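What follows is a single structure, written as structure tokens, with notes after it.
What follows is calculated from the coordinates using simple rules that are stated; it is not laboratory data. In this text the structure is predicted, and so the values were computed from the model without any measurement. FYI the Cβ positions are ideal-geometry reconstructions off the backbone, even for glycines, and counts take in every protein chain you see.
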Amino acid sequence: MRKPQDSGSRLGSVGGVRRPHVLLSVAVSADGCIDDVGAQRFPLSNAADFDHVDQMRSESDAILLGAGTVRKDDPRLLVRCAHRCAQRAARGRPEHPLKVVVTGSGELDPASRLWHLEGGKLVYTTDSGAAAARRSLADLTEIASLGRTLDFGALLDDLAERGVERLLVEGGTGIHTEFLRAGLADEIRMAIAPMFIGQAAAPRFLNPAEFPGGPARRFHLEDVAKIGDVAVLRYFPNIDSETG
């Protein structure tokens with residue numbers, strides 16, 4: 001099986017430390033939506049695919065989400081399988097990966113579940129958002145500023161310095177868009193559910209952006225798998241397609 005290609009972006013700017021391997025994970029409907037417009041998270045995957053995602057979490061050093069996803073879904077970001085937690089502990093790792101949240105404004109609810117569950121927590125924000133984050137979260141998580149703007153390359157450099165080698169990015173739309181726009185994602189795992197959301201305002205996988213190579217560039221499809229009624233596609237976005 002082919003491995004994702006290390007691009008120039010993979011070597012960090014801090015002491016030559018190699019940046020983490022970045023895997024974007026997303027589930028979409030057949031019409032390209034990642035959720036509906038309801039207040040509660042709309043389940044797209046099936047139980048077997050959720051278990052595959054749990055396995056990916058157990059193999060990761062950190063799981064990253066954007067603040068919007070945290071506000072809407074109130075996720076736990078835990079490895080659910082006790083056996084996988086035990087395997088991590090046996091290897092000298094924390095039972096659960098580091099929980100990483102990215103926010104430009106720093107406005108996050110201290111009552112959200114993830115702050116009060118097992119595992120380390122880390123918030124990346126901007127200089128202007130750091131004060132707001134510290135007011136509400138200072139006793140719950142570490143807070144790190146990336147400067148005037150959210151610099152995702154600097155974020156990866158900092159995670160590398162913290163010993164993170166594998167980063168699982170679970171969304172949402174803006175976060176996935178920025179990693180791909182900047183050429184910082186090594187893999188995309190896309191689970192396609194056999195349903196139509198059919199709502200114009202429903203969120204999509206990506207926002208409009210100028211992606212590397214533009215619309216004419218085709219990238220590498222590594223694998224297609226069937227998990228129950230869900231099709232799972234695995235892409236390497238930094239490798240050009242061999243057939244395009």
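Pairs of alpha-carbon atoms within less than 8 angstrom and 6+ residues apart define the contacts here; what relative contact order does the chain have, in percent?
Here the relative contact order equals 29 percent.
What translational D, rounded to a whole number of µm²/s, comes out for segment 168-241 from Stokes-Einstein when the hydrodynamic radius is the Kirkwood one over Cα pairs, at 10 °C and 1.306 mPa s?
Estimated via Stokes-Einstein, D reaches 117 µm²/s.
Please go through segment 94-153 and write out the trypsin sites (Lys or Arg not before Pro) that DSSP classes as loop and that have at most 11 other C-beta atoms within 10 Å.
Details: sites: Lys99, Arg113, Lys121, Arg134, Arg135, Arg148; in loops: Arg148.
Sparse-neighbourhood loop trypsin sites (Lys or Arg not before Pro): Arg148.
As an exercise, find the ratio Rg/Rh for the chain from alpha-carbon atoms, using the Kirkwood inverse-distance average for Rh.
Radius of gyration over Kirkwood radius for the chain works out to 0.94.
Normalised by the number of residues in segment 162-237, what is the relative contact order in percent for Cα pairs under 8 Å and 6+ residues apart?
Contact order relative to length: 39 percent.
Under 5 Å between amide hydrogens, which residues at least 5 positions from Ala62 or on another chain qualify, with H placed 1.01 Å from N in the peptide plane?
Result for Ala62 returns Leu98, Arg166, Leu168.
Count the net charge of all other residues whose Cβ sits under 11 Å from the Cβ of Gln40, scoring Lys and Arg as +1 and Asp and Glu as -1.
Result for the neighbourhood of Gln40: -2.
Placing unit charges on C-beta atoms (Lys and Arg positive, Asp and Glu negative, everything else neutral), compute the dipole magnitude of segment 28-237 about its Cα centre in debye, rounded to 20.
Dipole magnitude for segment 28-237 comes out near 160 debye.
Can you sort Cys85, Cys33 by how many other beta carbons sit within 10 Å, fewest first?
Cys85, Cys33
Which one of Pro43, Pro208, Pro110 has the biggest mean-square fluctuation once the chain is modelled by GNM with Cα springs under 10 Å?
Pro208
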